[in-house]
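Note sheet for the following structure.
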Amino acid sequence: MKILAQQAASPSIVSLLLMFGVCSLAAAADERPAERPPAPPQAVSLSIEPSPTAKPLNPERTVWLDVANKKVVLSGYLCLREGLLEMLVCKQQTKEHESIIAIDADAYVIHAALIALGAKPGTPVRFQPEFTPPTGQKIDIFVSWTDDYGRPHRYAAQQLIRKATQRYFTAVIDPLPKELKIDNRGDLRYDPNTKELIWFGRMTEEQKLDLLTRSLNKEYRKAIESFFTSS
C-alpha cells in the first residue's frame with residue numbers, strides 16, 4: 001500500500017488528536033531501547049497548541065491529556081511522505097521508514113492517557129490458531145498542522161493514506177470550455193479524440209486552486225475537484 005501525507009507546503013511538525021469515535025485501537029507493547037537515542041534533526045514541538053485544560057504527561061511534552069474535552073494530543077513530526085505503510089505513528093528512530101509520523105514518546109504513556117479517558121484495553125491481531133482481528137476501544141484520530149503560510153489544517157488520519165497516486169485520472173468533458181487553454185506538455189491535458197480531461201499524479205492544493213481559477217465551467221471544476229480528492 002502506498003501512503004501520501006497530503007501537504008499544502010512543507011510542514012514537518014504535526015499534532016495528533018485521539019478522541020472517542022471511529023478507528024480501532026489495540027494496546028501496544030512498550031519496547032524501550034537499552035539507551036535513549038539522540039534527538040532527531042527536527043525540533044519536536046506542538047504546531048497546534050493544546051487547550052488550557054490539557055496537561056503534559058511526559059518530560060518531552062509530546063503527550064498531553066485533556067480530560068475535560070476527552071482527548072489525547074500527541075506532538076510529533078512528519079517522517080514519511082510517500083512509501084510503503086506499516087503504521088501511522090512510531091517512536092522516533094525506530095520505524096520511520098514505514099510510518100507517516102514519528103513521536104518522542106513511549107507507547108505506555110499514550111496507552112495510559114487513553115486508559116485515563118476510559119478507553120478499554122484491546123488485543124493485537126492474531127493469526128494462530130486462526131485469524132482474529134484486533135480489538136479495542138474505538139477512537140477518532142485527527143492530524144493537525146500549520147503550513148508555511150500560517151494556515152491551520154486538520155484531517156482525519158485515514159485521509160493521509162492513498163492506495164496509488166502515480167497514475168492517470170480522467171474525466172469526460174465535451175465540449176471543452178472555450179476559455180480554457182490547455183498545454184498538453186503539462187500535467188493537465190485534454191484528449192480531443194476521447195473528450196477526456198487528463199491529470200497525472202498527485203495534485204497539490206495550490207495546483208487545484210490555480211486550475212479552478214481558469215474556468216467557471218461546472219463540469220471542468222467538478223473534474224478538478226475529483227482529481228484532487230482522488231490523488
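So the values come out like this:
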read-out	value
Sorted by Cβ density within 10 Å, fewest first, the residues LEU216, LEU88	LEU216, LEU88
Inter-label distance, nm, simple model (7 Å from Cα along the C-beta direction), ASP148/VAL67	4.3
Charged-residue dipole, Cβ positions (Lys, Arg, Asp, Glu), the stretch 62-132 about Cα centre, Debye nearest 20	260
Sorted peptide list for 69-79, 149-159, criterion being average Cβ within 10 angstrom, highest first	69-79, 149-159
Gap separating the Cα centres of the stretch 80-119 and the stretch 160-215, nearest whole Å	36
Lysines with Cα under 18 Å of LYS55, excluding same-chain neighbours fewer than 8 positions away	LYS70, LYS71
Computed E for SER51/GLU205 - FRET, C-beta separation, R0 22 angstrom, nearest 0.05	0.20
Point-to-point label distance, GLU219-THR135, nm (Cα→Cβ direction, 7 Å offset)	5.4
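Coordinate-derived values only; no laboratory data. All of these numbers come straight from a predicted model, not from anything done at the bench. Note that we place each Cβ from the backbone using ideal geometry, even for glycine, and neighbour counts take in every protein chain shown.
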